[in-house]
Amino acid sequence: MPERTLSLPGSTDQFVLTERPAPTLTDRYRPLPDGMDRAHLAVVPAHQVGAGDVVAAFFTDGPGIRYTEHVPEAFTAHPSDSGNCPAECGACEDILPHGAITDRYVRLAPADDAADCVVVFRNIPVAIIRADIAASFPPLGTAPLLPDLFALDDGEHGPYEALPVPRTWGPWQAISITRATAEQLAADLPHTPVGRYLACDWLHDTLLIASDPRLRADPGRPGRLIRPGTDDRYRIGGLSAWQEWSPSRCPDYRAGAGRR
């Protein structure tokens, strides 16, 4: 598809729309629904984003030629005033209490179980797919979810792919992984500081994580038996604090935190 360059009324900047990147381990971009692509994008200032519009990208700094910085996960806009966060999320706490003038910002989406509010300067350019056009495609939620990536030992071991966790999830809680990922974790764990006194063995489809017998407070207990759930996934947590595996940061397109 030929390169698309758009402009905004009253601005001399040129906004270059690039293809949405394919997801990799280092670039976590959830695909758009089938058929939805950059040909459907328009550019508007944030305060003109309407309810139901799909927010797909922001832009590099100007003035001049400005390139798309795709959001990791496109989201449906529900614009509102930036005051009084509905969830007291971290994004709003970082931005609004420190003398910020709330009418300089707009909330494009409220916090939910997976992410903080998306709060941006009201005049920042945004690449959107208008609601009436988006309605002709499958809903955003039909696009495949990308797994979350976790690591142990300050990122020395991993990444381990898991089902996405909610915003309220804590690093000592369990993550949900496949048998293949559980096997990878079992092989790595004895080589980490937290697992140097642990042994991992498979008993058919059950993972046994056992400590050195000489260190057991209760010698009669063999260790932790982790069985797959009805979905054939293993839920493992509490061994050590999980760390999000993120070798490269996504572009800082927002005044506040955005979608996952």
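The values are calculated or read from the model by the stated rules, or taken from the named source; none is laboratory data. Keep in mind the model is a prediction, meaning the values are calculated, not measured. Positions of Cβ are backbone-derived with ideal geometry, glycine not excepted, and every protein chain shown enters the neighbour counts. Only protein heavy atoms, including side chains, enter the accessible area calculation; ligands, DNA and RNA are left aside. Shrake-Rupley method; radii C 1.70, N 1.55, O 1.52, S 1.80 Å.
Of the residues that sit in the stretch 87-96 and are crowded, with 16+ Cβ neighbours inside 10 Å and in a helix (DSSP H, G or I), which one is modelled with the lowest pLDDT?
Here the answer is Ile95.
Which of the residues spanning the stretch 97-116 are assigned to a loop (DSSP other than H, G, I, E, B) and modelled with pLDDT of 75 or more?
So the first thing to find is which residues in the stretch 97-116 are assigned to a loop (DSSP other than H, G, I, E, B), and the list is 97-101, 110-116.
Matches in the stretch 97-116: Pro110, Ala111, Asp112, Asp113, Ala115, Asp116.
Scan the stretch 25-44 and tell me whether some residue there is in a loop (DSSP other than H, G, I, E, B) and among the polar types (S, T, N, Q).
First, the residues of the stretch 25-44 that are in a loop (DSSP other than H, G, I, E, B): 25-37, 41.
From what is left, the residues that are among the polar types (S, T, N, Q) are 26.
Yes - at least one qualifying residue is present in the stretch 25-44.
Which one of these is open to solvent by less than 20 Å² (accessible area, probe 1.4 Å) and either more than 18 Å from the chain's Cα centre (by Cα) or among the aromatic types (Phe, Trp, Tyr) (or both): Ile129, Ile133, Ile124? Give the steps one after another, and end with the answer.
Working: Ile133 fails: open to solvent by less than 20 Å² (accessible area, probe 1.4 Å); Ile124 fails: open to solvent by less than 20 Å² (accessible area, probe 1.4 Å).
After applying the criteria, what remains is Ile129.
Which condition from (1) modelled with pLDDT of 95 or more; (2) of a type outside the set (A, V, I, L, M); (3) open to solvent by less than 60 Å² (accessible area, probe 1.4 Å); (4) under 17 Å from Pro147 (Cα atoms) is the one that Arg235 breaks?
Of the numbered conditions (1) modelled with pLDDT of 95 or more; (2) of a type outside the set (A, V, I, L, M); (3) open to solvent by less than 60 Å² (accessible area, probe 1.4 Å); (4) under 17 Å from Pro147 (Cα atoms), the odd one out for Arg235 is (3).
Taking into account only those residues within the stretch 65-84 that are open to solvent by less than 30 Å² (accessible area, probe 1.4 Å) and either at positive phi or assigned to a loop (DSSP other than H, G, I, E, B) (or both), which is modelled with the highest pLDDT? Lay out the reasoning, then the answer.
Initial filter on the stretch 65-84 (open to solvent by less than 30 Å² (accessible area, probe 1.4 Å)): 68, 70-72, 74-75, 77, 82-83.
If we keep only those that are either at positive phi or assigned to a loop (DSSP other than H, G, I, E, B) (or both) too, we end up with 77, 82-83.
Details: Ala77: 95, Ser82: 73, Gly83: 73.
The residue in question is Ala77.
Is it the case, given these coordinates, that Ala51 is surrounded by 15 or more Cβ atoms within 10 Å (Cβ to Cβ), hydrophobic (A, V, I, L, M, F, W, C) and more than 11 Å from Ala127 (Cβ to Cβ)? Step through it out loud before you land on a result.
Details: surrounded by 15 or more Cβ atoms within 10 Å (Cβ to Cβ): no; hydrophobic (A, V, I, L, M, F, W, C): yes; more than 11 Å from Ala127 (Cβ to Cβ): yes.
No.
With respect to the numbered conditions (1) closer than 27 Å to Leu146 by Cβ; (2) in a loop (DSSP other than H, G, I, E, B); (3) touching a Lys or Arg at 6+ places or on another chain (Cβ under 8 Å), which one is the sole condition not fulfilled by Val16?
Tallying (1) closer than 27 Å to Leu146 by Cβ; (2) in a loop (DSSP other than H, G, I, E, B); (3) touching a Lys or Arg at 6+ places or on another chain (Cβ under 8 Å), Val16 fails exactly one: (2).
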